[in-house]
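*Asks:* This is the structure I have questions about; it appears just below.
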Amino acid sequence: MVGKKRVGVLALQGDFAKHAESLERAGAEAVEVRTREALEGVDALVVPGGESTTMLKLIGYEDLWEPLRAFGQKKPIFGTCAGAILLAKHVLNPTQVSLDLVDLDVERNAYGRQLDSHIAQLELEGSPLEAVFIRAPIIRRVGAGAQVLATHNGDPVLVTEGKHMVATFHPELTCDPRVHEIFLRRV
Ligand code: GLN
């Protein structure tokens, strides 16, 4: 029998525990990652939602910039919400640094105050998908190599590019395992 895929969840801040549960439900072994050593032991990584500016600081304190960049050159990363912001090439509103691993431009907090947080019905591979958006960014540009798997109001909200995947919503907050399953197929 082939062993389970070991998938790390960056556990510095944000919604990492729920992602670990979702990954286990989708059939993987989830590992909380806080150090370079832990990163070396996993086949793929999820960067969760939370607050991207706080995560940037913590990545600096833990000296994880280079390890994360190097990891992303070789292995798949799935960034959700703040995680998507950390992976994007360019970040707007305001501009901030990123890991620059996925050729996307994202605008932070782009739904404005009224719609800061909402639940939307999307379509994924021909079936309905419920998606929770919490102070979500909007993807303003996707690179030529990107594949858009789901949209909301015409904007891409679930995108793959090369090895990596990003979602601007929170697939770990619904019971539907399909988004994590799609990521695991890429690992
Ligand atoms: N608004 C947050 C940010 O800009 C992201 C919110 C989230 O991850 N749910 O970092």
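The values are calculated or read from the model by the stated rules, or taken from the named source; none is laboratory data. In this text, all values refer to a predicted model and were calculated from it rather than measured experimentally. Neighbour counts run over all protein chains shown; Cβ positions are idealised from the backbone, glycine included. Keep in mind that these areas ignore ligands, DNA and RNA; they rest on the heavy atoms of the full protein, side chains included. Shrake-Rupley method; radii C 1.70, N 1.55, O 1.52, S 1.80 Å.
*Asks:* Per residue of the chain, what 222 nm ellipticity follows from adding -39500 (n - 2.57) for every DSSP H run with n ≥ 4, rounded to the nearest 500?
*Replies:* One gets -7000 deg cm²/dmol as the mean residue ellipticity at 222 nm.
*Asks:* Considering only R108, R135, R36, give the residue with the highest GNM mean-square fluctuation for the chain, with springs between Cα atoms whenever their separation is below 10 Å.
*Replies:* Among R108, R135, R36, the largest GNM mean-square fluctuation belongs to R36.
*Asks:* While we're on this one: Counting only heavy atoms of protein chains, what accessible area per residue, in Å², does the chain have with a probe of 1.4 Å?
*Replies:* Normalised by residue count, the accessible surface of the chain is 46 Å².
*Asks:* For the chain, with a Gaussian network of springs between Cα atoms less than 10 Å apart, report the residue from T168, T54, T160 with the top mean-square fluctuation.
*Replies:* Ranking T168, T54, T160 by mean-square fluctuation puts T54 first.
*Asks:* Under 13 Å Cα-Cα from K18, which aspartates and glutamates qualify once same-chain neighbours fewer than 8 residues away are excluded?
*Replies:* Qualifying aspartates and glutamates at Cα under 13 Å: E32, E172, D176.
*Asks:* Then there's this: What does the net charge come to around D100 if you take all other residues with beta carbon closer than 13 Å to its beta carbon, with K and R at +1 and D and E at -1?
*Replies:* With Lys, Arg at +1 and Asp, Glu at -1, the net is -2.
*Asks:* Using the charge dipole of the chain (Lys, Arg: +1 at Cβ; Asp, Glu: -1 at Cβ; taken about the Cα centre), state which of L122, V166, A26 has its Cα farthest towards the positive end.
*Replies:* Comparing the listed Cα positions along the dipole, V166 ranks first.
*Asks:* Could you run the Karplus curve 6.51 cos²θ - 1.76 cosθ + 1.60 with θ = phi - 60° over segment 133-146 and give me ³J(HN,Hα) per residue in whole Hz, x for Gly and Pro?
*Replies:* 10, 10, 6, 7, x, 10, 7, 8, 8, 10, x, 4, x, 7
*Asks:* What does the convex hull of the Cα atoms of the chain come to per residue, in Å³, rounded to a whole number?
*Replies:* Convex hull of Cα atoms, per residue: 108 Å³.
*Asks:* Right, another one. Within 10 Å of each candidate Cβ there may be at most 12 other Cβ atoms; applying that plus a DSSP loop requirement, which GluC sites (Glu not before Pro) in segment 84-155 survive?
*Replies:* Those satisfying the criteria are E125.
*Asks:* With the full set of protein chains in place, find how many percent of the accessible area of segment 46-90 is carbon and sulfur; take the probe as 1.4 Å.
*Replies:* 51
*Asks:* Here's a follow-up. Place a +1 charge on the Cβ of each Lys and Arg in segment 1-147 and a -1 charge on the Cβ of each Asp and Glu, then give the dipole magnitude about the Cα centre in debye, rounded to the nearest 20.
*Replies:* 160
*Asks:* Oh, and also: Say we join alpha carbon atoms closer than 10 Å with springs in a Gaussian network model of the chain; which of G72, G14, G41 then has the biggest fluctuation?
*Replies:* Greatest mean-square fluctuation among the candidates belongs to G41.
*Asks:* Next up: What percent does the relative contact order of segment 119-168 come to when contacts are Cα pairs within less than 8 Å and at least six residues apart?
*Replies:* Computed value for segment 119-168: 29 percent relative contact order.
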